[in-house]
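The values are calculated or read from the model by the stated rules, or taken from the named source; none is laboratory data. Small disclaimer: the values here were computed from a predicted structure and weren't measured. Don't worry about glycine lacking a Cβ; one is built from the backbone with ideal geometry, like all the others, and counts go over all protein chains shown.
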Amino acid sequence: MKVLTHSIWIAGRQIRSLIRQPFYIAFTLVQPIVWLLLYGQLFKRVVELPGFNASSYITFLTPGVVVMTALFSGGWQGMGIISEMERGVLDRFLVSPVSRVALIAGRLLSMATITVIQSFILLTLGYIMGARFAGGLVGILVLLLSSILVSTPIAALSNALALAVRKEESVIGASNFLLLPLTFLSPVFMARNVMPPWIRSAARFNPVNWSVTAARAALAGHTDWGFVLLRLSLLVLFGVFAAGIATRAFRSYQNSV
Amino acid sequence: MSSQLHTPYAIEARDLVKTYPNKVRALDGLTFSVQTGVIFALLGPNGAGKSTTVKILNTLSRADSGTARVSGFDVKRDAGRVRFAIGCVAQKPGSDLAASGRENLTLQGKIYGIAGSALKQRVGELLERFNLADAADRMVRTYSGGMQRKLDIAMGLIHRPHVLFLDEPTTGLDPEARAEMWDEVARLASEGLTVLLTTHYLEEADRLASRVAIVDRGKVVVEGTPEQLKGELFGDAVQIDLLELATDGRAGEVLGRLEGISEVSIQGPSIRARAQLGATAVPSMLAALESSGLRVASVRVNRPSLDDVYLRYTGRSFSQAESQNGNGNGSHRGGGR
């Protein structure tokens, strides 16, 4: 009970400060919107490739860009905890009776909320550009869930890294180094069947791939739910793993002050 | 499981030892007690171990060995209860820049279990008291340094703690804001709060605290009221600066032979000594130095200060200790050790 209310307070605090800097949400959306508009136009005819198995590239691309945005927002979340450490906010919380779990859980909760907001904005944009989803509301809910299951574990890892290295440069470096490869080693932009075999093999171990393929399957209608559930379960396992790492990083931070 | 010990002491620290992973021994058997309702100052240069002590007492950090009780609760076993009993104002602000003063106070209050109209009232009260009422709904990023520090103290007081930790509360403030802060701290103590103040300003400890412990290299070297500490020193402090370094021991030798002069110490070109009566001792000291060929640049005679107490118990002057600890100083500030 205490953990939950405290998490909501911490999340509320994060979200409030984001709403007060709307340019931040705008900023995190510039890149995906560019992908959606440019790739959507540039690769329009890529669906004609034999084996691509999609009728409209924008319909194919939109869920990919939604998941990619979740991935990037998660990757950058560690930046916030560094400025809180430097400002002394984290230490102020740690000398108070606030739930320790809520300090991380609250951040992840705010991450999930931001992912939902960003996803709706991108879905609306995709819809305007002509994306249509036979899977309807259920499909969209699966897309939201699978995006959250990417953004929150990645955010947990980003927070863990931030707590361990305590330098903004390192979080920037690691994010740049990992996020784009994770995107391109997945079917965000390109159908699995037309990928080179080595990328196809690498993608099998990539949470971004699990998330995008689950979302697309649910959005397409006539869904193979076994296929979707398997991928969502893998994402949950990934989340548990990430939460474990974040908890350990948090403990070692506490031991180091 | 919890056991609150009823003692006249709000804080009791015994044999605290703390070594950081980088092998820096921050505390080396530090012991002191603070009576309920007084302002107690830990005085020492940066890196002496004051902040580490505060972090162990406020449950942020853990000692490798030794015990500590705050408000009767053991800081290790009863950390949860200690947290409700204490208020903290750290060196770093800890307020949320993207929230207003009122929002910062409100969240802080909620964490301590205050809610509803009681919370609203308490927040309003503190804003009023710290002259922040006009700025209450402005974002903290628009506050001046002095206003942010006041908000910090208000946040530390929201739940009416028994013990308040003030870790270098006036560092980085301009003289005007510092004077205002001193008045505020004095007022807190008059209301019955126990305050543990750390400072590297001698003047601050002298002025605010009813008891002072001088900390050096992770230990308390001496403790008492400022008057007691100064009273233990006999006579006036005489400082003579030479035009050249007094390296060959000549100065010490000639001054040591003089009547009524004691505790001669020499650091580079400056000589410090105690004299029963400074005004009468100076001429004979100057004559002695002159006759052994040492040229004098300046002479000062002071009534004893805490700086002299510090010198006496640690064997080095305060400013010298500051610069010696200066190497670790960058990480001290940055890492908030």
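Worth pointing out:
- Any chance residue A:101 is farther than 30 Å from residue B:85 by Cα and outside any loop (DSSP other than H, G, I, E, B): no
To keep it simple, each residue is scored yes or no on (1) among the acidic types (Asp, Glu); (2) at positive phi; (3) within 14 Å of another protein chain (Cβ to nearest Cβ).
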{"site": "B:7", "(1), (2), (3)": "no, no, no"}
{"site": "B:14", "(1), (2), (3)": "no, no, no"}
{"site": "B:24", "(1), (2), (3)": "no, no, yes"}
{"site": "B:36", "(1), (2), (3)": "no, no, no"}
{"site": "B:47", "(1), (2), (3)": "no, yes, no"}
{"site": "B:50", "(1), (2), (3)": "no, no, no"}
{"site": "B:53", "(1), (2), (3)": "no, no, yes"}
{"site": "B:56", "(1), (2), (3)": "no, no, yes"}
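- Residue within the range B:65-79 that is surrounded by fewer than 24 Cβ atoms within 10 Å (Cβ to Cβ), facing chain A (nearest Cβ under 10 Å), without any contact (Cβ under 8 Å) to a residue 24 or more places away in the chain and touching an Asp or Glu at 6+ places or on another chain (Cβ under 8 Å) present: no
- Filtered residues of the range B:34-59 (kept if surrounded by 24 or more Cβ atoms within 10 Å (Cβ to Cβ), part of a loop (DSSP other than H, G, I, E, B) and over 14 Å from the mean Cα position of the chain (by Cα)): B:58, B:59
- Residue list for the range B:223-255, restricted to those being under 20 Å from the mean Cα position of the chain (by Cα), more than 20 Å from residue B:51 (Cβ to Cβ) and either part of a strand (DSSP E or B) or charged (D, E, K, R) (or both): B:224, B:227, B:230
- Residue B:123 meets all of the listed conditions (1) surrounded by 14 or more Cβ atoms within 10 Å (Cβ to Cβ); (2) within 22 Å of residue B:85 (Cβ to Cβ); (3) within 13 Å of another protein chain (Cβ to nearest Cβ) but one, namely (3).
- Scanning the range B:11-33 for residues that are in a loop (DSSP other than H, G, I, E, B) and touching a residue at least 12 places away in the same chain (Cβ under 8 Å) gives B:20, B:24.
- Top-ranked residue of the range A:99-147 - restricted to ones that are small (Gly, Ala, Ser) and within 21 Å of residue A:245 (Cα to Cα), ranked as farthest from the other protein chains (Cβ to nearest Cβ): A:146
- A count restricted to the range A:77-98 and to residues that are assigned to a loop (DSSP other than H, G, I, E, B), surrounded by 21 or more Cβ atoms within 10 Å (Cβ to Cβ) and within 11 Å of another protein chain (Cβ to nearest Cβ) stands at 3.
- Of all the residues in the range B:80-106, those that are in a helix (DSSP H, G or I), facing chain A (nearest Cβ under 9 Å) and more than 24 Å from residue A:257 (Cα to Cα) number 1.
- Among the residues listed as A:54, A:11, A:26, the single one being under 23 Å from residue A:221 (Cβ atoms) and of a type in the set (A, V, I, L, M): A:54
- Boolean, residue B:31 is away from chain A (no Cβ under 14 Å), modelled with pLDDT of 95 or more and over 20 Å from residue B:192 (Cα atoms): yes
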